[in-house]
Amino acid sequence: MRAGTTPPSGGDTDPARGDFTGHSARGADPVGTARGARRSGPGGRTGPARPARPARQGDRTAARPAATRGTAARPAASVAVVLAVVLTALLAGGCGGRATTHHKPGTTHQEATGSSGTLLAAKDESGHRLREVPATGAPAVRVEARPDSEGGWNIHLTVERFRFTPESVGGAAIPGRGHARLLVDGRETARLYGPWHHVPAGARTLTVRLHADDHTVWAVAGKPVEATLRPGAAAAPTPAPAPTAASSAPSPSPTADPGRTVAITVTGTSVRPRPSRIELKKGDRLTLRVTADRADTLHVHGYDRELALQPGRPGTISLTVDRTGLFDVETHESGLVLTQLVVR
């Protein structure tokens, strides 16, 4: 302070600075005074620390050390991370090598996970490797062919210990599952996912072979599980016997019963002998020899047998009566009843 200067009224003299602290127009500022005390305290600009607030009941921040704050949730988070990693590993690797429906990227169908049996080096005609399985419990197949009304063959497969699984083709080889392949005359022509299939006409040999989902061939003792059929040979019609010398009446064997022969003559509207009934037993042989004076047609009812009659020329009709009942024999044009057959 300069000499001869009088401090203003109401001021306080600061002996450390040789100055004074004046009162503001707002009056005394306790907070400002405390701040000034901290600034001017011993040790420089920083004064004594504010007294710590006493802890209150229920105050978790005060009751827990500062070093442990924010770490209580860490163990739970760590456990969740570990569980997620374990679950991902189980899903990726499977449980105990269980078969999957699709092979892993970068592997072939034959190297798919969950394969069964022994993969052999041998291959079939189409290049599919054989997969050996024990004979006990191995799949089996049978095939039959039925002629189709519009040509060709309808083949039917009967499988044992095997199920068609078109929904998982291309996946792992699982015992008792897969599809079949059809070979026509030794050449693969179709893949079968069910028991029925149509084959066009002309096939001589049909072979049905069972495959796993990974396209390998199920095999027993080194041979494919398959069935082969020759439909043409199985369904070849029986050839008709060659005709012998032309004859209106069959040649009976020496020991066979030649049957019964009845001669009838028609003149105008007259029939001789007079129309009557011929008694026969079921299975008997009958021959009718008819001579008419005009062209006409002879009809045996019930057997639908007919004979064209020429004027003056005898005509012969023979039949085995294999139906019981009463049957008329008449002419169509003249409408004459020549006789009746009674078969018992």
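The values are calculated or read from the model by the stated rules, or taken from the named source; none is laboratory data. Just so it is clear, the model here is predicted, and its values are computed rather than measured. Cβ: placed from backbone, ideal geometry, glycine included. Neighbour counts: every protein chain shown. Just the protein is used for accessible areas: all its heavy atoms, side chains included, with ligands, DNA and RNA removed. Shrake-Rupley method; radii C 1.70, N 1.55, O 1.52, S 1.80 Å.
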By average C-beta atoms within 10 angstrom, highest first, the peptides 134-141, 201-208, 168-175: 168-175, 201-208, 134-141
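Gain in length, SER270 to HIS198, computed as 0.36 nm per residue apart minus the alpha-carbon separation, to one decimal in nm? Walk me through the intermediate numbers first.
Values: separation 72, 0.36 × 72 = 25.92 nm, distance 6.29 nm.
Stretched fully, the SER270-HIS198 segment lengthens by 19.6 nm.
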Chain lengthening between ARG305 and SER334 when straightened (0.36 nm per residue, less Cα-Cα): 8.7 nm
Residues of the range 291-328 with amide N under 17 Å of the 7 Å Cα→Cβ point at LYS281: 320-325
Under 5 Å, built H, 5+ apart or other chain: amide partners of HIS211: HIS179, ALA180, ARG181, TRP218
Rounded to the nearest 10 Å², the accessible area of GLU226 at probe 1.4 Å: 70
Alpha-carbon centroids, the range 172-203 and the range 114-148: separation in whole Å: 12
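Quote the charge dipole size of the range 139-198 about the Cα centre in Debye, to the nearest 20; the model charges only the Cβ of Lys and Arg (+1) and of Asp and Glu (-1).
The calculated dipole for the range 139-198 is roughly 280 debye.
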Principal axes of the range 277-325: Cα extent on each, largest first, Å: 33, 17, 15
Backbone HN-Hα couplings from phi across the range 138-150 [Karplus 6.51/-1.76/1.60, Hz, Gly and Pro as x]: 6, x, 9, 8, 10, 9, 9, 10, 10, x, 9, 5, 9
Over the range 290-342, relative contact order from alpha-carbon pairs under 8 Å, at least 6 apart, %: 34
Solvent-accessible ranking of TRP218, TRP196, TRP153, largest area first, probe 1.4 Å: TRP196, TRP153, TRP218
Solvent-accessible area of GLU144 with every protein chain in place, 1.4 Å probe, in Å² to the nearest 10: 80
Virtual paramagnetic centre 7 Å along Cα→Cβ of LYS123, amide N under 16 Å, in the range 159-188: 188
Rh by Kirkwood over Cα pairs, then Stokes-Einstein D for the range 117-207 at 0.692 mPa s and 37 °C, µm²/s: 225
